[in-house]
Amino acid sequence: MLGAIIGDIVGSPYEFHNIKTTDFPFFCEQSKYTDDTVMTIAVASGLCQCLDDPEASREAIIDAMHDFGNQYKVGYGGNFAQWIFKRHRQPYGSYGNGSAMRVSSVGWLYNSLNDVERYAEISAAVTHNHPEGIKGAQAVATAIFMARTGSTKKQICHHITSRYGYDLSRTLDQIRPNYTFSEICQTSVPEAIIAFLESDNFEDAIRKAISLGGDSDTIGAITGSIAEAFYHDLPKWIVDDALSRLDDQLRDTIIYYQEISLHRIMCKQ
């Protein structure tokens, strides 16, 4: 989950001021968490309350998203804002990339691909119940699970391509020149995964994701969530800087989630 939060913070200054290079200050004065971080933490918080009960998890995720969303008014899209602030409990058919940017905890909390797909769908479908919204969340959660359990990039690429139909054969150099802002899963999730596949380390993954342009904070969050699982140890200076930009409640929720996910991983072993 930290990888997603770092990607969000690093990408935040460039969401509406795209850059097409990896040469930029990793953190700057304008770097801040956005709705991507808040909803990533909300989903983790909801899941940790009812881990292995699908229906209870769904309700807990909705409650957590409502609670965090109303406490942290950090700029939500129109339909999602209505869902948050009016505390709706029914989805609205979205296939936006919000389902994919907030799903990272699923890839750590569950220990089989079947459960990862199942709970990724639950986390998505509370709002993004369009098949493409669900597919985007499942693809990202699956990539995270495979990365943290020792799969190679080649294996991850093959599985995501064959299972979800995303075209991961393009290169960043082919995508970057004509890539424009997109908030839908179909044209941001595969690009974010490709940024991870071409990376050499965690920082490089984030830089390459941001260099595409587009919805920079969300692409950064998706790429960062997979890169964290693959590269494991994140540079301390990056983690410390990112966490310093969160308040105590957000940091405490992250610590609690990390303890739960580690316990579940150790029990499985």
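Overview of results
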| quantity | calculated |
| --- | --- |
| Residues satisfying the stated conditions in the stretch 10-46, i.e. assigned to a helix (DSSP H, G or I) and more than 17 Å from Gln249 (Cα to Cα) | Val10, Gly11, Ser12, Pro13, Tyr14 |
| So His128, is it part of a loop (DSSP other than H, G, I, E, B) and either more than 30 Å from Asp200 (Cβ to Cβ) or without any contact (Cβ under 8 Å) to a residue 60 or more places away in the chain (or both) | yes |
| Restricting the stretch 82-93 to residues that are surrounded by fewer than 19 Cβ atoms within 10 Å (Cβ to Cβ) and in contact (Cβ under 8 Å) with a residue 12 or more places away in the chain, the residue that is nearest to Asp35 (Cα to Cα) | Phe85 |
| Only listed residue being touching a Pro at 6+ places or on another chain (Cβ under 8 Å), surrounded by fewer than 24 Cβ atoms within 10 Å (Cβ to Cβ) and farther than 23 Å from Phe230 by Cα, chosen from Asn79, Asn129 | Asn129 |
| Test result for Asp200, over 19 Å from Ile19 (Cα atoms) and surrounded by fewer than 24 Cβ atoms within 10 Å (Cβ to Cβ) | yes |
| Single residue of the stretch 75-108 satisfying the filter (within 15 Å of Ala143 (Cβ to Cβ) and among the hydrophobic types (A, V, I, L, M, F, W, C)) that is nearest to the chain's Cα centre (by Cα) | Met101 |
| Members of the stretch 66-108 found to be in a loop (DSSP other than H, G, I, E, B), modelled with pLDDT of 95 or more and either more than 21 Å from Met1 (Cβ to Cβ) or of a type in the set (D, E, K, R) (or both), listed by number | Lys86, Arg87, His88, Arg89, Gln90, Pro91, Tyr92, Gly93, Ser94, Tyr95, Arg102 |
| Breaking point among (1) in contact (Cβ under 8 Å) with a residue 40 or more places away in the chain; (2) outside any helix (DSSP H, G or I), for Gln186 | (2) |
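Let's see how each residue does on (1) among the hydroxyl-bearing types (Ser, Thr, Tyr); (2) farther than 23 Å from Trp108 by Cβ; (3) at pLDDT below 95; (4) assigned to a loop (DSSP other than H, G, I, E, B):
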| position | (1), (2), (3), (4) |
| --- | --- |
| Gln155 | no, no, no, no |
| Ser162 | yes, yes, no, no |
| Pro177 | no, yes, no, no |
| Pro190 | no, no, no, no |
| Ile194 | no, no, no, no |
| Ile222 | no, no, no, no |
| Ile255 | no, no, yes, no |
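The values are calculated or read from the model by the stated rules, or taken from the named source; none is laboratory data. Because the structure is a prediction, the values reported are computed rather than measured. Quick reminder, even Gly has a Cβ in these numbers, built from the backbone with ideal geometry, and neighbours come from all protein chains shown.
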